[in-house]
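Here the structure is laid out as structure tokens; the discussion comes afterwards.
The values are calculated or read from the model by the stated rules, or taken from the named source; none is laboratory data. Bear in mind the structure is a predicted one, so any value in this text is a computation, not a measurement. Virtual Cβ from ideal backbone geometry, glycine too; neighbours counted across all protein chains shown.
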Amino acid sequence: MERLEVSELNFYFGFTQILNNINFELNRGEVIGIVGPSGGGKTTLLKLCANLLDVTEGTIKNSFDSSAFAFQDARLLPWKTVIENIMLPIVSQESYKKAYNKACEIALRFGLEQKDFIKYPKDLSGGMRQRVNFARALITKPKLLFLDEPFSALDIGLKRELQDYVLSSCKEFNTSVLFITHDLMEAIRISDKVLLLKSDPGEIIKTYTIDQPKGQRDDKYIFTKTQEFLNDYDVIKTFEIKAIS
Amino acid sequence: MKTIFKIIKDFPWFLWSGWGSIASIFLFLAFWDMGNQLYGDLILPSPKEVISTMITLFTQQDFIDNLLLTIKRGIMGFGVSLTIGTMMGLIAGYFTTASIMSRPIVTILVGIPPIAWIVLAMIWFGFGDMTVMFTVIIASFPIVFVGALQGSRTLEGDLKEMMDSFHISFWQKCKDLYFPHLFSYLFPSWVSALGMSWKIVIMAELLSANDGIGASLAIARSHLDTPTALALVTTMVGVLLFVEYIILEPIKKEVESWRD
């Protein structure tokens, strides 16, 4: 069984402790959302899991054969066109023609149009860049997908559209997703488990399991669940939500 | 390869887009002719006379030899400063200490006027090739060096991290990340260093050589031969315009199409 297992993970930048005793596991096909306030070490945790930072204390075992990362800022190569950016992860493994066709296919799926294919990132809107970012991450058909607040700068319609793309490809390829967000509703909509990470130092103080299958979560369910979360003492404390008097 | 093909394919369109520039050049010629009518032939010969002198010059073998010699000196000096400047700049940019240390040295080098270098070079190397080339090298080196230094200092960690997240090989990283990034800094600095080299080579020849276009200019001055002097200047500008607009501009347009 492929899984990502994080145990007793601590992390420091200099003398500042960023993460403290993090333990969780992510199984095949599972979606885990990490929520917490900004600056709480969420991105650091994700980068550690994706092996972009070196683990110094504790262990991270990753037995997925492939993974991809979608960043909050799209990080497209400015000197490459949309299609060239999308095919970047596979261009050295497959023939150019094959990689190109694959990139076109996935670009269309992510709502990009034929006329956009030869544009450079400077000519794209923020939303389009994020579509390219997702297409690039998913072109490798990764078994494990890391998402670093990729929906945060998008409007509601586009946010939902891209979330649905991610959900449908999870279903299709049985992809596992580890994503971070500060949006509780987003976490409730797409994850199986939600980890609440408090800051200074980052520590998982609660794990919520959302039982309702993803396909059956309608708006009403999400609103009720979000409300429930917002009344949770730990959530209030972690996000420092002030009561309206 | 694809890029080269595209540059050639777009070339006629590029030429067609040059009408505006040609019009402004003709406007310049018109003002020049007005100057001629005001001040007379000795002070400012008419463009027509200068162009006909230029044509006669081009029929003389020793002028062609001088022109080629100047071009050779310019290219050799530029080539040396391009190679050394690029390499040293890239290396210096890689190390923080080296880049901080090189800053004041570059300021000193830029601050010393080329004419001072010519004097020193004449003392060190005497009259001839070496003095001219040395001056060209020393004057264009800081431009290339600073370009390369900035290129390697600004290599982005974010994009590298993105490439690491896809387990992209080192060679592909060089090809798709490092090279395009560095080139976008190097190319403009090479272009301005080339322009600089061309101006310096003529100045250095004028003062410290017996041959080359610069020396011919010195002779024209001593004979008070204004038409020849202006014909030489026009030739120099013509070479620069040719290199800049016909050779470099289409390349620049193509390789920098991704920029804002």
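For the reader, a short list of remarks on this structure follows.
- Total residues in segment A:130-186 satisfying the condition of being under 15 Å from A:I34 (Cβ atoms) and acidic (D, E): the figure is 4.
- Yes/no for A:A153 being more than 13 Å from chain B (Cβ to nearest Cβ), of a type in the set (A, V, I, L, M, F, W, C), buried (at least 22 other Cβ atoms within 10 Å of the Cβ) and in contact (Cβ under 8 Å) with a residue 12 or more places away in the chain: no
- Per the listing B:L230, B:L240, the residue uniquely crowded, with 19+ Cβ neighbours inside 10 Å, part of a helix (DSSP H, G or I) and of a type outside the set (G, A, S) is B:L230.
- Matching entry among B:L38, B:L44 (being farther than 25 Å from B:G195 by Cα, assigned to a loop (DSSP other than H, G, I, E, B) and either at pLDDT below 90 or among the aliphatic types (A, V, I, L, M) (or both)): B:L44
- Selection count, segment A:212-228, where residues are loosely packed, with under 10 Cβ neighbours inside 10 Å and polar (S, T, N, Q): 1
- Within segment B:198-227, considering residues that are part of a helix (DSSP H, G or I) and in contact with a Lys or Arg (Cβ under 9 Å, 6 or more places away or on another chain), the one surrounded by the fewest Cβ atoms within 10 Å (Cβ to Cβ): B:L206
- Out of A:A187, A:A137, sole residue that is closer than 13 Å to A:A70 by Cα, in a helix (DSSP H, G or I), of a type in the set (A, V, I, L, M) and in contact (Cβ under 8 Å) with a residue 40 or more places away in the chain: A:A137
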